[in-house]
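Read the figures in this text as sums done on the coordinates, not as results from a lab. Remember, predicted model here, so these are calculated numbers, not experimental data. No Cβ is skipped: glycine too gets one built from the backbone with ideal geometry, and neighbour counts run over all protein chains shown.
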Amino acid sequence: MKIEILPAILPKNFSELAENIGLVKDIVKTVQIDVCDGQFVPSATWPYKRLDDSFEKILREEEGLPGWENVSFEIDLMVNYPERIVEEWVTAGAHRIVLHVEAQGNLTEAVGKLHERVEIGLALGMETPLSALEPYANKIQSIQLMGIDHPGFQGEAFNPKVIERVKEVHSLYPELPLSVDGGVSLENAPALIQAGVTRLVVGSAIFHADNVIEAVHKFKRLNRDVI
């Protein structure tokens, strides 16, 4: 089984996004950009922190997301009413868009707008019943389980309860790629892999490390098939 490492970026601004992508663009296939609206989760990130017109330039195709020549982008939309903005992220160059089932709005409409345009992932919070996946199981391409109780902040403590949830989801949907996002570290990653995770979304353990590139390689060395 191949395990993919996805560095997760929670960008305060466009410059930070570009800097962090630049650190990992030559050693990973995909990065996850966390997009927070300050409503679904308390924190707000770029481009909701409108400090410049960088996102508008991307939508006008005057420039692309940083590093687009080297990496693919998974956009984790931690926002309410995702159906209103998903098409913007298709235009911006998303390869995969992750929607959160707990968000306010019309999830079915958001999924419909993305169908056959980009890969669709569905994310579940720690307390959300796994049955929430059922209406969308044949319309999505991956599942993401949150490994922390309060998404939207890097550095939150990992909740080991997610390991059992991984086992259940893997049993129910063995054909779908499965990721855990939040609190993933070198210490808990082996248990997640053994439980059935195929993608590890890693934020602080990579970008707060003394050596970012070496941190990525350490995750890759957890399994000889890690990519």
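A compact table of results
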quantity	calculated
Residue among GLU87, GLU69, GLU83 that is buried (at least 18 other Cβ atoms within 10 Å of the Cβ) and over 25 Å from GLU175 (Cβ atoms)	GLU83
Near pairs, Cβ below 7 angstrom, 6+ apart or cross-chain, from the range 62-88 (of a type in the set (Val, Ile, Thr)) to any residue that is assigned to a helix (DSSP H, G or I)	VAL71/ILE21; ILE75/TRP89; VAL86/ALA110; VAL86/LYS113; VAL86/LEU114
From the options ILE27, ILE21, residue that is surrounded by fewer than 22 Cβ atoms within 10 Å (Cβ to Cβ) and among the hydrophobic types (A, V, I, L, M, F, W, C)	ILE27
Subset tally (residues that are within 19 Å of SER43 (Cβ to Cβ) and either in a strand (DSSP E or B) or out of contact with any strand residue (DSSP E or B) (no Cβ under 9 Å at 6 or more places or on another chain) (or both)) for the range 75-90	4
Failed condition for PRO151, given (1) touching a helix residue (DSSP H, G or I) at 6+ places or on another chain (Cβ under 8 Å); (2) in contact (Cβ under 8 Å) with a residue 60 or more places away in the chain	(1)
Odd one out for PRO135, checked against (1) at negative phi; (2) crowded, with 16+ Cβ neighbours inside 10 Å	(2)
Checklist (1) in contact (Cβ under 8 Å) with a residue 24 or more places away in the chain; (2) surrounded by fewer than 14 Cβ atoms within 10 Å (Cβ to Cβ); (3) not aromatic (Phe, Trp, Tyr) applied to ILE33, failing item	(2)
Matching residues in the range 185-214 - criterion: being more than 16 Å from GLU164 (Cα to Cα) and surrounded by fewer than 19 Cβ atoms within 10 Å (Cβ to Cβ)	SER185, LEU186, GLU187, SER204, HIS208, ALA209, ASP210, ASN211, VAL212, ILE213, GLU214
